[in-house]
Structure formats: C-alpha cells, structure tokens
Amino acid sequence: MVDAAIRAPSGSNRQGWKFIVVTDNDVKNQLGDAYREAWNFYVKEFYGGSSDMGASNVGDTEKAQQVNRISKSAAWLSENFHKVPAQFVVLSRNDPTGSSIYPAIWSIMLAGRAHGIGTCLTTVLGMFQQEKAFEILDIPSDKGWTINAVITAGYPLGKWGVADRNPLDQVTYLNKWGNETNWNVNEPLWNY
Ligand SMILES: Cc1cc2nc3c(=O)[nH]c(=O)nc-3n(C[C@H](O)[C@H](O)[C@H](O)COP(=O)(O)O)c2cc1C
C-alpha cells in the first residue's frame, strides 16, 4: 500500500511526504486515545455536542438517515481506533494547499481495496491533536511536517460493496456547464 503511495504524483515531483505505519499495540492505544479526544472535540465544536452530527435537525429524510449512519460509523471508529490492524499516518511538508499529498493518500486506499483491505481516511487527529500525535510518534516538530491524514486499515467486518454516491449524470456536464451527458450510468461500472 505504501509502494502505491510513493508512485503518486506530487507538485513538481517534490515527494514531500513521510508515512508511518503503526502496528504496535502500545502506539496504537496512544493514538487511539488522542484520536478519541480529537473526535470528541470535533463533535463538540462543530455539532454542539450532538452525537448524531445534527442528523435529528434534518428531520426524517433520506439525508438524515445517511448522516445518522455516518455519525454512528464515525463514532464507532473513534471508540475502536486503537483496535484496527494498521494505522497509516501520512505527513507532508512544503504543501500549503494540501493537494500534493492527496493522490498518495488515495493510492494507499485504492491499493488496500485491491487487496481486500478496507480503509477509512481520517483527518481529525492532525487537525486537533497534532502536537500530541507528534509526541507519541517522535516526529520532529521543527521540520515543517504536518499530519494530513491517518488512514485506518483492516479486513472488513461487514458490508464490502462499492460506495453509494449521487449518480454520475447529476454531477457531470459534457463540453460546457449545464450540458447533460445522458450517459445514464446508474450503477457502478466496476465488478464487485
Ligand atoms: C478529507 C476527508 C476527511 C475525513 N475525515 C474523517 C475523520 O476524521 N473521521 C472519520 O471517521 N471519517 C472521516 N472521513 C470519512 C468520511 O466521513 C467518509 O468517507 C464519508 O462519510 C463517506 O463514507 P464512505 O467513504 O464510507 O462511503 C473523511 C473523509 C475525507 C475525504
């Protein structure tokens, strides 16, 4: 999975990245505690402590059910972060927009998928507990590194389908804005 990451493009081919693959239980436990704190802070600050990330404010719509599912799944991850088999901590520097690291992040996730490994991209640790994470992982704090993501990885415990998304035709135009494609891709075009 890291081999896929280092093949990714980056601006000017700078490759300003580092990957820490965490499999040690003690380190995972410490990161798990820091992640939980970060997640609780995020829910408190952004959703006023609402444990369903505001789903109840959206009424009983399909959207509300979706938000509910996401909040349950994210809350489960925060409680079980230390138990995932591997945590990929992804760092970058000299990437002020954060865009040069995302191809590498997504490559880790796609490579995992190709091997039957499920992943989740998380960002709250780097956003709200970066200092703590630096301490836990012995990352030098004076070299300009930023934690862009921690990707959790493990063999799936449940559903292993292709992600459900708004249809391609709703978000794609042909040649000019507003020109419908009429491609009618209503199902994923992948084998699954
Ligand atoms: C940039 C980015 C940051 C994310 N950060 C978090 C996070 O900190 N914690 C988390 O549980 N999920 C996080 N996610 C996962 C999204 O919530 C998830 O991809 C989305 O709800 C769709 O779910 P699915 O990928 O399982 O289909 C993040 C996703 C992206 C793309």
Positions within region 18-50 being more than 24 Å from residue 112 (Cβ to Cβ) and outside any helix (DSSP H, G or I), in sequence order: 48, 49, 50
Search result, residues across region 80-102 that are more than 11 Å from the ligand (Cβ to nearest atom) and open to solvent by 40 Å² or more (accessible area, probe 1.4 Å): 82, 83, 85, 93, 94, 96, 97, 99
Conditions (1) more than 24 Å from residue 83 (Cβ to Cβ); (2) assigned to a loop (DSSP other than H, G, I, E, B); (3) of a type in the set (Gly, Ala, Ser): number failed by residue 107: (2)
Region 105-132, residues that are more than 10 Å from the ligand (Cβ to nearest atom) and open to solvent by 40 Å² or more (accessible area, probe 1.4 Å): 110, 113, 114, 115, 130, 131, 132
Qualifying residue in region 136-148 (condition: under 13 Å from the mean Cα position of the chain (by Cα) and within 16 Å of the ligand (Cβ to nearest atom)): yes
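Which of the residues belonging to region 133-153 are outside any strand (DSSP E or B), surrounded by 10 or more Cβ atoms within 10 Å (Cβ to Cβ) and out of contact with any Lys or Arg (no Cβ under 7 Å at 6 or more places or on another chain)?
Passing the criteria: 133, 134, 135, 136, 137, 139, 141.
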Every pair of residues 6+ apart whose Cβ atoms lie under 6 Å, when the first sits in region 154-168 and is under 16 Å from residue 77 (Cβ atoms) and open to solvent by less than 60 Å² (accessible area, probe 1.4 Å) while the second is within 10 Å of the ligand (Cβ to nearest atom) and not aliphatic (A, V, I, L, M): 156/118
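The values are calculated or read from the model by the stated rules, or taken from the named source; none is laboratory data. These numbers were taken from a predicted model, which means no experiment stands behind them. Using ideal geometry, Cβ is built from the backbone for each residue, glycine included, and neighbour counts are taken over all protein chains shown. Note: accessible area is taken over every heavy atom of the protein model, side chains too, but ligands, DNA and RNA are not part of it. Shrake-Rupley method; radii C 1.70, N 1.55, O 1.52, S 1.80 Å.
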